[in-house]
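For reference, the structure is listed below as C-alpha cells.
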Amino acid sequence: MAEMSTLCTFLFSLLLFASHPLILPTAADGRWQLLQKSIGISSMHMQLLKNDRVVMYDRTDFGPSTLPLASGKCHNDPTNTAVQVDCTAHSVEYDVLSNKFRALTVQSNVWCSSGGVMPDGKLVQTGGFSDGELRVRVFSPCESCDWHETPNGLAAKRWYATNHVLPDGRQIVVGGREQFNYEFVPKNIAADTFKLHFLSETNERGVENNLYPFVFLNVDGNLFIFANNRAILLDYVNNKVVKTYPKIPGGEPRSYPSTGSAVLLPLKNLTAATIQAEVLVCGGAPKGSFVQALQGKFVKALNTCARISITDPKPKWVLETMPLARVMGDMVLLPNGKVLVINGARSGSAGWDLGRDPVLNPVLYMPDNEIESRFKILNPTKIPRMYHSTAVLLRDGRVLVGGSNPHAYYNFTGILYPTELSLEAFYPGYLDAKFNNLRPTIVAPKSMSGIRYNKKLKIKVVITGEVTLNLLSVTMVSPAFNTHSFSMNQRLLVLGNDKVMASGKSTYEIEVMTPGSGNLAPAGFYLLFVVHQDIPSQGIWVHLK
C-alpha cells in the first residue's frame, strides 16, 4: 500500500512539473521560471487556498484590464474616475497544478484591502477604497465559486488595514487610513470599533508611516502589533496594552509608506513550559524618504533588520545588516524554517512612481546561524517587482511571485517599471534535483486529513537516500494573505521529531505532537512538511480543529 501511495505521489509530481515549461538549474542557489506572461491583472493581493489555487486581485479603478469577464458581468461604479462601467476582471483564480487561471468578479473596489482564511477554508477579505471601504467579501474554494459581497460588513472604513485570524475563529481588523482602532469580523453582538491609541501615537502627520501594521498572534494569546518604529502587546479581549516594546535602534520607520516587511520566526519547542517567540523586521525607508521621493530625490533604502524576542521579560531589538538594502520587499517563511526576502527596490518609498533601483536578487535569511552569517544572496530574476508586488509559498515548496504596478492606472509603455501582469515561480535551492534522494515523500496521512490539538501524530515518509534520523523534522505553515510587503497570518511551527522508526525499505515513521492550543496555531488549514537535512518534502494539507 505504501509503495502504491509513493507511486501516486511521484506521478503527481511529474504532472505538476510537466504543466510548466522546462527550466534548467543554475550554478548559484535558486532559479526562476516564467509561469504566465500575463494573467490580465496585476497581482496586488495574493492568497493560497486549500485547493491549491491562488486568489489574486488589484483594484477596480485602474481602468479596463486585459482579461474580460463573462458575458453580462460588469462592475458598475458612477464614482470611478477611470471607467464607470467595467466589464473586465480585476481578480483571478490561479490553478497551481494546471498553470491556468480564470476571471473572477468583484463588485466594489478592493484596492489596498486586507484579509485572511477562516477555519473552514474560506477567504474573508475586508475593506478597500471608495465603494469598497465598508465591504466584506467571501470567496469559497470550489470549482466555479466567485466573490460574495456584504455591503456594510465592517463597522469602520478600512483602507491599508491588517487582518489576523484569532484562536476563536474570528478575524481582527487593525487600523487603516485615519482609523486608530480595531474591530472583528464577522460582526457579532458587539459590532463596534475599539480605540487603539498606539496607532494615533505612531502616525506621522502628512506621511503616516504606520499603515498595514505588522500583527502577530503571540504564544500567550495576545497580539504583537508593530507600527512605524515600535510595538505593543495588546490584550484585544480586554482592550488593554499589556506590554510596550522599545523603539528599533535608530528610530527609522518600517511601516507603509516606508514599507519594510516582517515575520514571526518559526515557533519551536512547542511542548516546553515556556515557548519563545521572535519577530524579525527587515528593510524600509529612512525617515523623510516619502516626502523626498515626491520631490524627485530617491533616498537609499534601509539595509538593516531588527530582531526581538517578544516573549522576553525585558525584550531588546538586535540589529543585523542585510547584504542588499531593500524597501517594499516581501518576506516568505520557507518549509525548512529559513526566510526568503524577495521583491522591492534599493531606494525611494512606497507610493505611485516613488521607488527606484529594483532589487532583483532574493536573499535567504537563516535564523539559526550566528549573527554574522545569516544572509545569502540568491539568483536574480529579470523582472523588476516594485510597488504592489506579491509573493506566497506554494505546497510544492516554490514561491509564487507576481504584481508590480507603481502607477495610478495600467501603464505599459514609455515609463519606468511598466505595469507587470506576469507570474513567476522562484525555486529555492532545496528543489534542485541533486537533493532528490534526500527529499522525503509523505505517504501518510493523506492530504486534507483532520488533526486535533495536543495529540500524537504519526507521519510515514519514503526517503530513497541515506537518512540522518536526528535531521528529520516536521513543520506546519499557515498560508498567508500577502499585500504591500506584509504576509498576514503567516506562521510556521516546528513540530520536531519525538520518535523515528524504520518501517520498511526506505520507509520511516515519525511521531510528533500537534500544537497544544489555538494560541500557538489558530484552527484552520495548514501545509505540513517533513524536512530532512534542510530539504523539505512536498507539503500536504491538514485541517487543524
> Just one of [x] 23, 59, 17, 0; [y] 23, 54, 21, 2; [z] 18, 46, 31, 6, 0 is P(r) over Cα pairs in 20 Å bins from 0, in percent as worked out from the coordinates here. Which one is it?
Replying inline: [x]
> Of the listed peptides 427-433, 470-476, what is their order by residue-averaged count of other C-beta atoms within 10 Å, with the highest listed first?
Replying inline: 470-476, 427-433
> What value does region 324-463 have for Rg/Rh, both radii from Cα atoms and Rh as Kirkwood defines it?
Replying inline: 1.07
> Taking 0.36 nm per intervening residue step and subtracting the Cα-Cα distance, what contour gain separates THR274 from VAL83 on full extension?
Replying inline: 63.2 nm
> What order do you get for 32-45, 103-116 when each peptide is scored by the mean count of other beta carbon atoms within 10 Å, highest first?
Replying inline: 103-116, 32-45
> Counting Lys and Arg as +1 and Asp and Glu as -1, what is the net charge of the other residues whose Cβ lies under 12 Å from the Cβ of VAL263?
Replying inline: +1
> Taking the Cα centre of each part, how many Å lie between region 48-100 and region 206-255?
Replying inline: 33
> Within the set LYS434/LYS499; LYS50/LYS460; LYS243/LYS297; LYS314/LYS545; LYS100/LYS122; LYS287/LYS376, which residue pairs have Cα atoms separated by over 30 Å?
Replying inline: LYS243/LYS297; LYS314/LYS545
> When we measure straight from the Cα of LYS73, which aspartates and glutamates land under 14 angstrom away, once same-chain ones fewer than 8 places off are left out?
Replying inline: ASP86, ASP146
>> If you average the C-alpha positions of region 281-315 and of region 477-517 separately, how far apart do those two centres end up, in angstrom?
In response: 31
> What net charge do the residues around THR60 carry, taking every other residue with its C-beta under 14 Å from that of THR60, with Lys and Arg at +1 and Asp and Glu at -1?
Replying inline: -3
> Local charge sum around CYS142 (other residues, Cβ-Cβ under 14 Å, Lys/Arg +1, Asp/Glu -1)?
Replying inline: -2
> For region 434-544, what is the Kirkwood estimate of the hydrodynamic radius, computed as the reciprocal of the mean inverse distance between distinct Cα atoms, to one decimal in Å?
Replying inline: 14.4
> Hey, can you rank 485-496, 235-246 by average C-beta count inside 10 Å, highest first?
Replying inline: 485-496, 235-246
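Read the figures in this text as sums done on the coordinates, not as results from a lab. Keep in mind it's a predicted model, so treat the numbers as computed, not measured. Quick reminder, even Gly has a Cβ in these numbers, built from the backbone with ideal geometry, and neighbours come from all protein chains shown.
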